[in-house]
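Each reported figure results from applying straightforward, stated rules to the coordinates on display, with no laboratory input. It should be emphasised that the depicted structure is a prediction, and the values quoted were computed from it without experimental measurement. Counting neighbours? That spans all protein chains shown, and the Cβs are built from the backbone with ideal geometry, glycine included.
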Amino acid sequence: GWVVLQNAHLAVHTVNAIEKKFVEASSGEAGMTRHASFRLWITTQEATDMSVGLLLMSMRVSCEAPEGIRAGMQQLYSEMVDQDLIDSMDASKDWSKLIYTMSYLHCVVRQRLLYSAMGWSIDESKIGLQVNDWQVCISYL
């Protein structure tokens, strides 16, 4: 079977316990074995207190933010802005300019995060701007 554990950075102690179980199962301790078709998918953000052992045992895939404002805008418009979103907006108002402005601001802020101390007066790890933040902003429109 397949199991998906989302937002593992919010439950680091659980991920560390899972790692211990995997180590026990792979070494055959206490009669534990792992089924050949078992798969565990874990989604997480960076977490400094998460054990590295599970990552080393895993195949890792990362989703990086696009380089540059133009690439960020292209990604947002190709993946997020679709006809359903446009149709859901009130036809009496011109939402396209507001969506464009929100998208542009989102991409500028994500690029500014690359400069950390020079770009902000607070720690960049506390900002953590993601695509779902853009989605929430658009939903409030």
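Side notes on the structure shown:
- Available extension along the chain between Thr101 and Glu24 is 22.5 nm, counting 0.36 nm per residue and deducting the alpha carbon span.
- Near the amide H of Ile42, within less than 5 Å, lie the amide hydrogens of Leu5, all on another chain or at least 5 residues away, with H placed in the peptide plane.
- Separation of the Asp133 and Arg70 label points, Cα + 7 Å toward Cβ, nm: 2.5
- Once the C-beta distance of Ser37 and Ser88 is scaled by a Förster radius of 35 Å, the resulting FRET efficiency is 0.30 to the nearest 0.05.
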